[in-house]
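First the structure, in the form of structure tokens, and then the observations on it.
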Amino acid sequence: MARMSRAFLLLFVLSALPAAPQTPTPPVPKRAHLAPGLWQKRQALQREFDASGGNSGAAYESIQSIDTQYRKFVLALSDAYEKKQQSVIDSSCDAASNDPEATIFCALVGYRLSGRKDPASFLAALPETPEAAAALVDLRQAASTAPNATGLAASPVYNVTDELFQLVLAGNPGATARYFYLFHHSGGAWADDAADQLEHYLTDHPDALIRNWPVLRKYWNLSEGITWDVDAGWWQDLVAQYRRACSATRPNCREILALLQKAAQAAAPSQ
């Protein structure tokens, strides 16, 4: 009986102690959401705005509203990327798989998160189509407007372009085809960025250019997008640089040097 009393007393004491504080369950991160057909709606509004000569205030405001939705999507995915929330990225991107603009950014996030192990999947989001070119241009409007923004959301188009360019440097033929397709079919700041990259490719990576020339020659005449920004002296210096990089065992050099000399002649002031 005494043994039972002691057990009852212990149970009574334990029941009187305050309950241990419960650790709150962290909220499940929500996926980023885009309405179906949003990109197509933006394209229609852009055509309406252009047809008005830039005077349709209603179309402009609607475009701005849509770009804000894309900005939220890009910010959410960029945050999920920093936190390595794969489930959020997967669910968000699966739901937006029919949106060309979201598809490009999702491919960038996935490619970065995988440690750049699957360039084929990244390149698949950048097909050689007018739709992909337009979506890439539109993606620029989804960049974060915060002055101190960092990460993928700060400049999504630059990040896509840079990843694509690194694959071009490595000699990936699929990346080269897409890069130059977009260079020819995308306008505005994207084309300016690409021209700057190609200028650096010529000056900083002669070995890569010579090595990859059998692929590059199908897409690029070397001076395209650059000739009007530099003078004949710049081209002559480049010719000298490539003469140093070339040798009798590098069969691509003769054609490359001929094209560079032609560009130098075209840039020279007329007598």
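Since every read-out is calculated from the coordinates, none of them should be taken as a lab result. For clarity, every value in this text was computed on a predicted model and none was experimentally measured. With ideal geometry, Cβ positions are generated from the backbone for all residues, glycine too; neighbour counts draw on all protein chains shown.
Can you compute the charge dipole magnitude of the chain about its Cα centre, using +1 on each Lys and Arg Cβ and -1 on each Asp and Glu Cβ, nothing else charged? Give it in debye, rounded to the nearest 20. Let's see the in-between values first.
Working: 24 positive and 27 negative charges, 260 e Å.
The calculation lands at about 1260 debye.
Roughly how tilted is helix 38-51, in degrees to the nearest 10 and between 0 and 90, from the longest Cα axis of the chain?
40
P(r) for the range 35-186, please, calculated from all Cα pair distances in 10 Å bins and given in %.
Values per bin, smallest distances first: 11, 40, 35, 12, 2.
Could you please report the charge total around ALA132, scoring K, R as +1 and D, E as -1 over all other residues with beta-carbon less than 11 angstrom from its beta-carbon? Intermediate values should be presented prior to the final figure.
Values: positive: ARG178; negative: GLU101, GLU128, GLU131, ASP138.
With Lys, Arg at +1 and Asp, Glu at -1, the neighbours total -3.
I'd like the orientation of helix 173-185 relative to the chain: the angle between its Cα long axis and the longest Cα principal axis, in ° from 0 to 90, rounded to 10.
80
Could you work out which residue, out of GLY225, GLY37, GLY57, moves most in a Gaussian network model of the chain, that is, has the largest mean-square fluctuation with Cα springs under 10 Å?
Among GLY225, GLY37, GLY57, the largest mean-square fluctuation in the Gaussian network model of the chain belongs to GLY57.
If I take the Cα coordinates of the range 199-271 and project them onto the principal axes, what are the three extents in Å, biggest first?
So the three principal-axis extents are 37, 23, 19 Å.
Give me the tail of P(r) for the chain as a percent: Cα-Cα pairs with distance above 36 Å. All intermediate terms of the calculation are to be shown ahead of the outcome.
On the way: 13032 of 36585 pairs.
The answer is 36 percent, as a whole percent.
For the residues LYS262, LYS84, what sequence is obtained by ranking on other C-beta atoms within 10 Å, fewest first? Mind dumping the intermediate values first?
Numbers: LYS262 14, LYS84 9.
Least to most surrounded, the residues fall as LYS84, LYS262.
By how many degrees, between 0 and 90 and to the nearest 10, does the Cα long axis of helix 2-16 differ from the longest principal axis of the chain?
The angle comes out near 50 degrees.
Under the rule of -39500 (n - 2.57) per DSSP H run of 4 or more residues, summed and divided by the residues of the chain, what mean residue ellipticity at 222 nm is obtained, to the nearest 500 deg cm²/dmol?
On the way: 13 runs with 179 residues, N = 271.
About -21000 deg cm²/dmol.
Between LEU222, LEU77, LEU126, find the one with the highest GNM mean-square fluctuation for the chain; connect C-alpha pairs within less than 10 Å.
In this elastic network of the chain, the residue with the biggest mean-square fluctuation among LEU222, LEU77, LEU126 is LEU222.
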